Amino acid sequence: MTKIHPTAVVDAGATFARDVEIGPYCVIGPHVSLGEGVRVLSHVVIDGNTSVGAHTVIHPFASLGLSPQHLGYKGEPTRLVIGHHNVIREHVTMHVGTEQGGMETRVGSHCFFMAGCHVAHDCVIEDHVILTNNVALGGHVHVGEYANIGGLSGVHQYVRIGKHAMIGGVTGVHKDVIPYALAMGNRACLTGLNIVGLRRRGFSREDIRSLRTAYGLLFSQGGTMAERLIEVADLFSAHAGVMDIINFIREDSSRSICTPVAGNGNGNGG
């Protein structure tokens, strides 16, 4: 049974699945759709063409689906699509997309957005992503599954962060970060692989060893990156994780690839 607090302002055009809860002083716009079991705790604003997947919990003072912070936006009917089983904590902001960026901002499922995070227009956030307190994503950022971004970090527009990557706290990410990597610094540099994260998610010793070897070869000093990509792809063509990295580097991107700091290319990060 849907429960709407009497102080909430809910437009008649909004649609709800069963067992939705909308708490005190929330404002829900006419083009909002809430999935089964969604809980909107209190003082939350959800507007725009926004859909929220089942069993997502939205904490006080979050603002979802408002117009993007983009000078070219002229009120086009763009969207914010949020998956299921997400936790969206206090003061999180997520904006709809833009016509220039494909009309949609998309958030996956089973993600955790800690207090004060910002997801800008046209971002794509895959499943099981964690954004720690006060992370700010610029427009068009793509974050792969199981990535974890440390508190107070900022990610430049159009940057890609690969699956299972870890970004250390207070890091400025201005280049693409390959899958499985650990990056940190005032301007992000790779410091190895996200070994702790990989172990926690059940990667075998053999898989981690292969990823470390491939990482070391890719960021060695011999030859060009194009030559090293061919060498590593030939050596590890049957290894899905290594090929994730190869394909990520080969994809078109407006950003260059984040690389290790001098003298730290051995893949032994924490």
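Of the residues screened, A120 is one that is hydrophobic (A, V, I, L, M, F, W, C) and farther than 25 Å from D244 by Cβ.
Kindly indicate whether I245 is touching a strand residue (DSSP E or B) at 6+ places or on another chain (Cβ under 9 Å), within 15 Å of L211 (Cβ to Cβ) and modelled with pLDDT of 95 or more.
yes
For the range 190-199, the count of residues that are assigned to a helix (DSSP H, G or I), farther than 29 Å from G154 by Cα and out of contact with any His (no Cβ under 8 Å at 6 or more places or on another chain) is zero.
Residues in the range 135-156 that are touching a strand residue (DSSP E or B) at 6+ places or on another chain (Cβ under 6 Å) and hydrophobic (A, V, I, L, M, F, W, C): V135, A136, L137, V141, V143, A147, I149, V155.
Scanning the range 48-67 for residues that are under 18 Å from T98 (Cβ atoms) and either in contact with a helix residue (DSSP H, G or I) (Cβ under 6 Å, 6 or more places away or on another chain) or surrounded by fewer than 22 Cβ atoms within 10 Å (Cβ to Cβ) (or both) yields N49, S51, S63, L66, S67.
The values are calculated or read from the model by the stated rules, or taken from the named source; none is laboratory data. Bear in mind the structure is a predicted one, so any value in this text is a computation, not a measurement. Every residue, glycine as well, gets a Cβ built from its backbone with ideal geometry; the counts of neighbours run over all protein chains shown.
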